[in-house]
Amino acid sequence: MSHAPTASYRPYPSSIDAGITLHARFAPLARPAPLMLQMHGWHGNVKSGHSDNVTPPADEAYFRVAPEMRGRGDSGGWPDANGWELLDAVDALAAARSLYPEAVAGVVPHLHGGSGGGGNVLGIVGKFPDLFAAAVCECGISDYALWYTDDAVGEFRDELRDAGWIGGDPQTNPEAYLSRGGRTTAMNLLTPLLIVHGEADNRVPYAQATAYADALTHHGRESLLTLQGFAGVGMRDHYGGMTDEMTALRGSLIAAHHGTHHAQPALPERGRFVVAGYLRTRRFEIRLETIDHLALLDYDLAQNRFQLHAPSSRHAICTVDGEPRVLTTAPISLAELCRELAIPNPAAADA
């Protein structure tokens with residue numbers, strides 16, 4: 001009888017920053033299995049664990065890859081709150097395929113995370129819209145400007161503002177805050193998504209889930225979302241007050257969601273995406289001047305046409321079939337962009 005290999009915490013390279021070494025816990029099974037990217041919590045880490053790490057229900061169907069975010073555990077660099085650290089996480093999937101080729105089955109990975117890791121999930125499906133077969137976000141942040149404003153616990157602003165995980169506040173640095181949130185990139189969603197959230201959560205309020213759901217509805221993407229709220233559940237512990245019945249429902253919903261969806265999302269031949277710092281699809285990639293910037297992208301793959309409207313970035317790099325070229329952006333105000341995306345403008349006087 002074969003036994004599952006021991007999970008290993010080991011280094012892997014960053015594709016964007018040769019100056020840092022990243023780490024992840026790789027947990028292959030005794031048989032080939034699809035990859036599951038598992039994101040840790042805001043204050044959490046993979047090496048030693050933390051109460052912010054929302055533990056997923058037990059499931060032995062996946063080869064789990066748990067990346068250690070920048071500046072946490074043994075990973076180098078500095079946290080940038082849904083910036084390049086999301087590309088680092090995707091790099092961990094490439095490392096898993098390289099390090100454990102016989103342990104990986106299929107090519108379409110799954111995605112899961114809770115709390116800060118849930119915010120990562122919403123950011124990743126917006127930046128990598130056709131990469132994952134299914135995604136689960138538990139108690140996640142969709143709007144970092146809203147989260148900053150509504151921080152009733154008072155434990156996150158120091159990192160967002162003072163430690164420079166984003167920098168400044170939503171009114172002084174609005175575009176950077178918007179570029180981090182999944183609510184901003186809701187129009188990009190192509191991945192079937194399950195959101196599970198306690199309706200009494202005061203660390204990541206339930207309004208974060210409903211705001212994302214409302215944005216999906218505005219963009220006609222609501223059919224991709226299953227939202228499960230739990231009345232009376234939350235407080236300082238995301239799942240405080242959860243009954244045994246609720247716990248069982250959470251587990252069955254998550255297992256069914258991952259177990260139902262296995263296909264690669266189809267990328268439309270033409271359409272519109274919002275670029276939050278960068279956007280990567282199987283066919284092309286866009287990088288703005290900084291991860292703090294936003295742009296609207298209209299593209300037509302048959303015509304090899306890409307047009308960007310941006311509040312701040314004047315140029316962007318567009319890579320198609322490995323060939324990069326420089327795009328000049330057309331101007332659009334942040335207010336106009338926010339209206340197009342149906343999101344609040346943090347810089348507005350009444351924000």
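The values are calculated or read from the model by the stated rules, or taken from the named source; none is laboratory data. No experiment lies behind these values; they were computed from the predicted model shown. Quick reminder, even Gly has a Cβ in these numbers, built from the backbone with ideal geometry, and neighbours come from all protein chains shown.
For every residue, the table says whether it meets (1) touching a Phe, Trp or Tyr at 6+ places or on another chain (Cβ under 9 Å); (2) exposed (fewer than 14 other Cβ atoms within 10 Å of the Cβ).
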residue	(1), (2)
MET235	no, no
GLU245	no, yes
THR260	no, yes
ALA263	no, yes
ARG272	yes, no
VAL275	no, no
ARG282	no, yes
THR290	no, no
ASP300	yes, yes
Looking at the range 308-323, is at least one residue farther than 30 Å from ASP169 by Cβ, out of contact with any Pro (no Cβ under 8 Å at 6 or more places or on another chain) and among the polar types (S, T, N, Q)?
yes
Condition check for PRO5: touching a Ser or Thr at 6+ places or on another chain (Cβ under 9 Å), farther than 19 Å from ILE124 by Cα and touching a residue at least 40 places away in the same chain (Cβ under 8 Å)
no
Considering HIS40, HIS50, which residue is of a type outside the set (A, V, I, L, M, F, W, C) and surrounded by 23 or more Cβ atoms within 10 Å (Cβ to Cβ)?
HIS40
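Can you find even one residue in the range 99-108 that is assigned to a loop (DSSP other than H, G, I, E, B), modelled with pLDDT of 95 or more and not aliphatic (A, V, I, L, M)? Quick ask: steps written out before the conclusion?
First, pick out the residues of the range 99-108 that are assigned to a loop (DSSP other than H, G, I, E, B): 100, 105-108.
If we keep only those that are modelled with pLDDT of 95 or more as well, we get 100, 108.
Within this subset, residues satisfying the condition of being not aliphatic (A, V, I, L, M) are 100.
Yes: the range 99-108 contains one or more residues that are assigned to a loop (DSSP other than H, G, I, E, B), modelled with pLDDT of 95 or more and not aliphatic (A, V, I, L, M).
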In the set GLY119, GLY164, GLY198, GLY140, the lone residue that is closer than 20 Å to ARG280 by Cβ and touching a residue at least 40 places away in the same chain (Cβ under 8 Å) is GLY119
For the condition among the aliphatic types (A, V, I, L, M), touching a residue at least 24 places away in the same chain (Cβ under 8 Å) and in contact with a Cys (Cβ under 9 Å, 6 or more places away or on another chain), what is the one hit in LEU93, LEU111, LEU37, LEU87?
LEU111
Residue list for the range 269-282, restricted to those being in contact (Cβ under 8 Å) with a residue 60 or more places away in the chain, farther than 19 Å from ASP17 by Cβ and not aromatic (Phe, Trp, Tyr):
ARG272, VAL274, THR281, ARG282
Residues of the range 241-289 satisfying the condition of being of a type in the set (Gly, Ala, Ser), within 30 Å of TYR299 (Cβ to Cβ) and in a loop (DSSP other than H, G, I, E, B):
ALA263, ALA266, GLY277
Residue satisfying condition, being of a type outside the set (Asp, Glu) and more than 19 Å from the chain's Cα centre (by Cα), within set GLY44, GLY71, GLY19:
GLY19
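Taking ASN345, is it within 21 Å of LEU146 (Cβ to Cβ) and among the polar types (S, T, N, Q)?
Numbers: within 21 Å of LEU146 (Cβ to Cβ): yes; among the polar types (S, T, N, Q): yes.
So ASN345 fits the description; yes.
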Within 30 Å of GLN38 (Cβ to Cβ), without any contact (Cβ under 8 Å) to a residue 60 or more places away in the chain and more than 23 Å from the chain's Cα centre (by Cα): is that true of ALA335 in this structure?
no
Options ALA94, ALA103; residue that is surrounded by fewer than 18 Cβ atoms within 10 Å (Cβ to Cβ), of a type in the set (A, V, I, L, M, F, W, C) and farther than 27 Å from ALA342 by Cβ:
ALA94
Inside the range 16-37, can you point out the residues that are surrounded by fewer than 13 Cβ atoms within 10 Å (Cβ to Cβ) and among the hydroxyl-bearing types (Ser, Thr, Tyr)?
none
Looking only at the range 315-350, how many residues end up being part of a loop (DSSP other than H, G, I, E, B) and surrounded by 14 or more Cβ atoms within 10 Å (Cβ to Cβ)?
8
Do we find a residue being farther than 18 Å from HIS238 by Cβ and under 16 Å from the mean Cα position of the chain (by Cα) anywhere in the range 159-168?
yes
